[in-house]
Amino acid sequence: MKALKFFRLIAALGVVGIISAAFSSDGDWETLFDGKVLKGWHSYNQDKVVGWFIENGTLTSDGSGGDLVSDKEYGDFELEFEFKIPEGSNSGVLYKVIEKPGLTRTVFSAPEYQIIDDKNYVVKDESGKNIGLKPGQLTGANYDMNPPSDPTAFKPAGTWNSGKIVVSGNQVKHYLNEKLVADYEYGGEAWKANVAKSKYKDWPYATAHHKGKIALQNHNAKEKVWFRSLKIKEL
């Protein structure tokens, strides 16, 4: 009788083990910023966080430290975040970032989920005339490569917006306020053609690579941005 109870217990534990495996930490969401600490981040090509700080539970920068980069690299993932910019500001979320000496900026190696004030950001030509933004420079774009399919998805400056980036193999999708606004094949023929006629053609960006770090962009002190609710799920 004792032996029978023992085998029944082992069988039950086996079932529990199978159920537990199905809900294991693999594939669970990982919090990248909890509003309290800056664990898991550092400034690009530095060994600590410089110029980024917590303000009322949000992550922001004073412009002195450049881009903020995750300690960890990611391949296939789903990244969700919320962002807010003031009028006339500009930022972005980069992925597949390569960090090594000699590369001075995250954008040299990484695609960018564009964040910008679509309506009020000033771009001037050589004569000083405001020429406005190109389609590939609007919020939600794969910057300078794939314009957002719905430019109306962006909520005005001063308002919180939600963003999502999904990388699955070579397929990359950008979502803005739950709308799919960019969908492209990373490393595909169309991508290569776009790169060949862009500023990226002579950069490490032009060599497709699977893994890289996540970066939050800050150009300078004048171009402010706030982030919150950053979380990632590896696929």
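In this structure the amide hydrogen of residue 141, modeled in the peptide plane, comes within under 5 Å of the amide hydrogens of 114, none closer than 5 places in sequence on its chain. Dipole magnitude for segment 165-206: about 160 debye, using +1 per Lys or Arg Cβ and -1 per Asp or Glu Cβ, origin at the Cα centre. Using the alpha-carbon atoms, what tilt in degrees (0 to 90, nearest 10) does helix 2-22 show relative to the longest principal axis of the chain? The helix 2-22 is inclined about 10 degrees to the chain. Segment 162-235 and segment 27-86 have Cα centres spaced 16 Å apart. Each residue of segment 132-145 was assigned a 3J(HN,Hα) from its phi angle through the Karplus curve 6.51 cos²θ - 1.76 cosθ + 1.60 (θ = phi - 60°); the sequence is x, 8, 7, x, x, 10, 7, 4, x, 5, 7, 3, 6, 10 Hz, with glycine and proline shown as x.
Remark: the chain carries a charge dipole of roughly 440 debye about the Cα centre, counting +1 on each Lys and Arg Cβ and -1 on each Asp and Glu Cβ. For trypsin sites (Lys or Arg not before Pro), the sites in segment 187-220 that DSSP calls loop and that have at most 10 other Cβ atoms within 10 Å are 197. Working from Cα pairs under 8 Å separated by at least six residues, relative contact order for segment 123-221 is 17 percent.
Only loop residues by DSSP count here, and only those with at most 16 other Cβ atoms within 10 Å; note down the trypsin sites (Lys or Arg not before Pro) in segment 56-109 that meet that. Write out the running numbers ahead of the final one.
Details: sites: 72, 84, 96, 105; in loops: 105.
Of the trypsin sites (Lys or Arg not before Pro), the ones in loops of segment 56-109 whose Cβ has at most 16 other Cβ atoms within 10 Å are 105.
State the percentage of accessible surface on segment 22-98 attributable to carbon and sulfur atoms; use a 1.4 Å probe and exclude ligands, DNA and RNA.
The computed percentage sits at 44.
The value of relative contact order for segment 160-215, using C-alpha pairs under 8 Å at least six residues apart, is 21 percent. Applied to segment 46-62, the Karplus parametrisation 6.51 cos²θ - 1.76 cosθ + 1.60 on θ = phi - 60° returns per-residue 3J(HN,Hα) values of 10, 9, 8, 8, 10, x, 9, 8, 9, 10, 6, x, 10, 9, 8, 9, 9 Hz, with x for Gly and Pro.
For the set 160, 191, the ranking by accessible area, highest first and with no ligand, DNA or RNA atoms included, is 160, 191 under a 1.4 Å probe.
Looking at the square roots a ≥ b ≥ c of the eigenvalues of the Cα gyration tensor of segment 169-229, which shape do they give, rounded for a/c under 1.5, prolate if a/b is larger than b/c, or oblate? Since a/c reaches 1.5 but b/c is at least a/b, the shape of segment 169-229 is classed as oblate.
The modelled label-to-label distance for the pair residue 234/residue 193, using points 7 Å beyond Cα in the direction of Cβ, is 3.6 nm. Based on C-alpha pairs under 8 angstrom that are at least 6 apart in sequence, the chain has a relative contact order of 31 percent. Extension gain, residue 125-residue 170: 0.36 nm per intervening residue step, less the Cα-Cα distance, totals 12.6 nm. Between residue 150 and residue 53, the C-beta separation translates, for a Förster distance of 35 Å, into a calculated FRET efficiency of about 0.55.
Counting helices only, and only those DSSP H runs with n ≥ 4, report the 222 nm mean residue ellipticity of the chain as the sum of -39,500 (n - 2.57) divided by its residues, in deg cm²/dmol to the nearest 500. Present the calculation step by step, with values, prior to reporting the outcome.
Values: 2 runs with 29 residues, N = 235.
That calculation yields -4000 deg cm²/dmol at 222 nm.
Once you sort the root eigenvalues of the Cα gyration tensor of segment 59-197 as a ≥ b ≥ c, which label holds: rounded (a/c under 1.5), prolate (a/b larger than b/c) or oblate (the other case)? It is rounded, given that a/c, with a ≥ b ≥ c, falls under 1.5. Averaged over its residues, segment 178-219 has an accessible area of 53 Å² per residue, based on protein heavy atoms and a 1.4 Å probe.
The values are calculated or read from the model by the stated rules, or taken from the named source; none is laboratory data. Predicted model, so just to flag it, every value in this text is computed and none were measured. Cβ sites come from the backbone with ideal geometry, for glycine too, and all protein chains shown count toward neighbours. Ligands, DNA and RNA are stripped out before the accessible areas are found, and what is left, the full protein with its side chains, is counted by its heavy atoms. Shrake-Rupley method; radii C 1.70, N 1.55, O 1.52, S 1.80 Å.
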